[in-house]
1. Can you confirm whether residue 15 is at pLDDT 95 or above and assigned to a helix (DSSP H, G or I)?
2. For the structure I just gave you, tell me whether residue 100 is surrounded by 10 or more Cβ atoms within 10 Å (Cβ to Cβ) and under 50 Å from the mean Cα position of the chain (by Cα).
């Protein structure tokens, strides 16, 4: 094998390697390509997920505010009840004292 035959053989082998590599790349790209509709679906789902998370956060905030309001209202109602019970106790005691004075006066 002389020098010219060696160069031609090497060139053919390199060309065949290039063609096989290009074909392998084309096949790989063909089978792993993501369709535009899939990308659009992923974008839509990510947007819906983001909106759902925002709605969840708003609902949690609303529930926390509502719970705080109800707790405050409960505390106020309990304070009013305690004040009413104290007032009722005082009135009953005063009524008993007045009854005792009336019965002593008779």
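The values are calculated or read from the model by the stated rules, or taken from the named source; none is laboratory data. Remember, it's a predicted structure, so these values are computed and weren't measured experimentally. Here the Cβ positions follow ideal geometry from the backbone for every residue, glycine too, while neighbour counts run over all protein chains shown.
1. Working: at pLDDT 95 or above: yes; assigned to a helix (DSSP H, G or I): yes.
For residue 15, the condition - at pLDDT 95 or above and assigned to a helix (DSSP H, G or I) - is met.
2. Considered against the rule, which asks whether it is surrounded by 10 or more Cβ atoms within 10 Å (Cβ to Cβ) and under 50 Å from the mean Cα position of the chain (by Cα), residue 100 comes out as no.
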